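Remarks on the structure that follows.
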Amino acid sequence: SSITRGFDNDTGTLSSSRMSRHLIAKSLQAAIRPSLIPTRYGGQHASRSFSYVLDGWGGQGGGSSWQWPVTKPNTVFNIVPQGHKYVVERFGKLHSIQDSGYFFAIPWVDQIAYVIDIRERAMDIPPQAAITRDNVSVEVSGNLFIKFQDPQAAAYGALNPLYSVTQHAQSAMRSAIGEMELDEILHGRARLNALIKGSLQEAALPWGLEIRRYEITEITPDQQIRTAMDKQAAAERDRREHVLRAEGDKQRAQLTSEGVKISLTNESEGNLIKIRNEAEASKQKILLEAQGQAEAIRLTAQAQAEALAMIAEQLNREGGQEAARLALARDYVSMYGEMGQQSNTIMFNDRPADVNALLSQAVLSMNAAANAAKVPSLPENSHGENQSS
């Protein structure tokens, strides 16, 4: 295949100088670094130059992720590593696709034209400038995860399927961003990823690629938008701070009012209990005083009754009358003494020897003293009337 690409594009014949350069490079590759292989780039003018890069058995398929195609020299007994497939051409035409293992190939007739790495790989999508639906300029970058499914379509479906899918990913990303606003892009990355993946999946089928997923890695608005977003974020934080502070003040006022309410309730209940206790104590005091007064009156009456009974008993005895007269006379004298101390008017009995008259006068004096004790102050005319009477 390398020899066939050494034909002159104008004459269609193999030039000797190019043949010599190719044979020298082939020899150096086999003798010095067997892992170095020639890499061809599609196109008539690109086929005239060769670059030697590491074999694509590991990493992202050899060297750069844009490396396409990756070839390998035919060593007759060839080994296909796990996770790779070889596209073998015979006389420039597709002959077979070899899976992992070993196979034999005829030198100079068979050629390993494509080494297809069927493992999943990630490709970086550089930042792309785009304009959202609300006319905001942003730069968006992402990662594209792909896997070769059909080696034949990968080899012959596109000149460079990796470059094609990358360019299509950039175009699909700009198209999807143009259909969304900035807020939707920032908060709806999953939707944006789904739109880009759906657009890529259909386009990548003829290239033998399967789009596993697409992930947005960074969204960068322009400087003015970032400044406005920072101001908006600062304003939102201030608003939340004021809201939280207001809610705290509200809760504090509610708790304070609840505390005052509970305090007043407890105080009123305490006052009510105090009043009840005081009323109960006053009731008990009045009851006890009444019971005491009743008991005192009962005892006084009983004592008076016993005294009267004893007086009556003594009067009925021999000499009782004379003793009574003597006691009355003594009381009579004491009464006149008290009357003389309290008033200038003294009443005398015209019949001091008459016991009955003396008793009557004593009873009247006692009644008058009792009435005077009930009414401590009386008008002067009343005294005059009493005295005259």
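The values are calculated or read from the model by the stated rules, or taken from the named source; none is laboratory data. Quick caveat, the model's predicted, so the values are computed rather than measured. Cβ coordinates were reconstructed from backbone atoms using ideal geometry, including for glycine residues, and neighbour counts include every protein chain displayed. These accessible areas exclude ligands, DNA and RNA; they are computed on the full protein's heavy atoms, side chains included. Shrake-Rupley method; radii C 1.70, N 1.55, O 1.52, S 1.80 Å.
Okay, here's what the table says:
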read-out	value
Filtered residues of segment 148-174 (kept if hydrophobic (A, V, I, L, M, F, W, C) and open to solvent by 60 Å² or more (accessible area, probe 1.4 Å))	LEU159
Qualifying residue in segment 139-147 (condition: of a type in the set (Asp, Glu), open to solvent by 10 Å² or more (accessible area, probe 1.4 Å), touching a Phe, Trp or Tyr at 6+ places or on another chain (Cβ under 7 Å) and under 30 Å from ILE219 (Cβ atoms))	no
Candidates ALA153, ALA158 - the one that is more than 19 Å from ALA122 (Cα to Cα), in contact (Cβ under 8 Å) with a residue 24 or more places away in the chain and assigned to a loop (DSSP other than H, G, I, E, B)	ALA158
Some residue of segment 196-219 being touching a Phe, Trp or Tyr at 6+ places or on another chain (Cβ under 9 Å), in contact (Cβ under 8 Å) with a residue 24 or more places away in the chain, assigned to a helix (DSSP H, G or I) and open to solvent by less than 40 Å² (accessible area, probe 1.4 Å)	yes
